[in-house]
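The values are calculated or read from the model by the stated rules, or taken from the named source; none is laboratory data. Please read all numbers here as calculations on a predicted model, not as lab measurements. Cβ coordinates were reconstructed from backbone atoms using ideal geometry, including for glycine residues, and neighbour counts include every protein chain displayed. Each accessible area value is taken on the protein alone, full model and side chains, heavy atoms only, with ligands, DNA and RNA left out. Shrake-Rupley method; radii C 1.70, N 1.55, O 1.52, S 1.80 Å.
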Amino acid sequence: QAQLVESGGGLVQAGASLRLSCAASGRTFRGYAMGWFRQAPGKEREFVAAIIWIGISRTYYADSVKGRFTISRDNAKNTVYLQMNSLKPEDTAVYYCAADTSTTALTRTTGWDRPTVYDYWGQGTQVTVSS
């Protein structure tokens with residue numbers, strides 16, 4: 001039922017910024033946690049950031065993006081954002097947003113960096129950073 005659609009990717013030079021969006025739709029959609037992952041050619045999908053909002057907003061970031069990326073969400077618009085600053089060539093990848101709609105998220109305190117905890121995925125948006 002739920003659908004996630006990413007947008008905002010593109011080709012930029014190193015040091016530039018991009019803002020990715022992930023819009024959720026569906027009558028039954030309910031994302032307790034939303035995450036961003038990325039996958040570069042020849043590499044496994046890796047965790048980028050996650051935001052959990054169950055009364056209190058919490059965010060998590062991979063060490064490689066801390067201080068440069070910021071995840072946020074607009075609950076009214078059912079949209080999650082990933083603000084990416086100071087982009088580096090190694091940030092080049094297809095970026096995917098994901099949602100955890102299971103009730104297990106209500107008690108989970110760790111594991112947001114694991115793709116297996118998310119049950120909905122978008123199609124991805126390409127981010128290319130040239131040197």
Item to complete: About the Cα centre of the chain, how large is the charge dipole given +1 on each Lys and Arg Cβ and -1 on each Asp and Glu Cβ? Please answer in debye to the nearest 20.
Response: 240 debye
Worksheet item: Of ASP63, ASP119, which has the most accessible area and how do the rest follow, probe 1.4 Å?
Response: ASP63, ASP119
Worksheet item: Which of the lysines could a cross-linker bridge to LYS66, judged by Cα under 16 Å and excluding same-chain residues fewer than eight apart?
Response: LYS88
Worksheet item: Which one of GLY67, GLY122, ILE52 has its Cα pushed farthest toward the positive end of the charge dipole of the chain, where Lys and Arg give +1 and Asp and Glu give -1 at the Cβ?
Response: ILE52
Discussion item. Along the charge dipole of the chain, pointing to its positive end and built from +1/-1 on Cβ of Lys, Arg, Asp and Glu, which listed residue (ALA76, ALA40, SER102) has its Cα farthest out?
Written reply: ALA76
Worksheet, complete the sentence: Note, ASP91: beta-carbon cut-off 14 Å, +1 each Lys/Arg, -1 each Asp/Glu, net +3
Worksheet, complete the sentence: By the Kirkwood definition, with r running over pairs of different Cα atoms, region 1-101 has a hydrodynamic radius in Å of 13.9 Å
Worksheet item: Each residue of region 89-96 in turn: what ³J(HN,Hα) in whole Hz from Karplus with 6.51, -1.76, 1.60 and θ = phi - 60°, glycine and Pro shown as x?
Response: x, 6, 7, 4, 4, 8, 9, 10
Fill in: Phi to ³J(HN,Hα) by Karplus 6.51 cos²θ - 1.76 cosθ + 1.60 over region 65-70, Hz, x for Gly, Pro
10, 4, x, 10, 10, 9
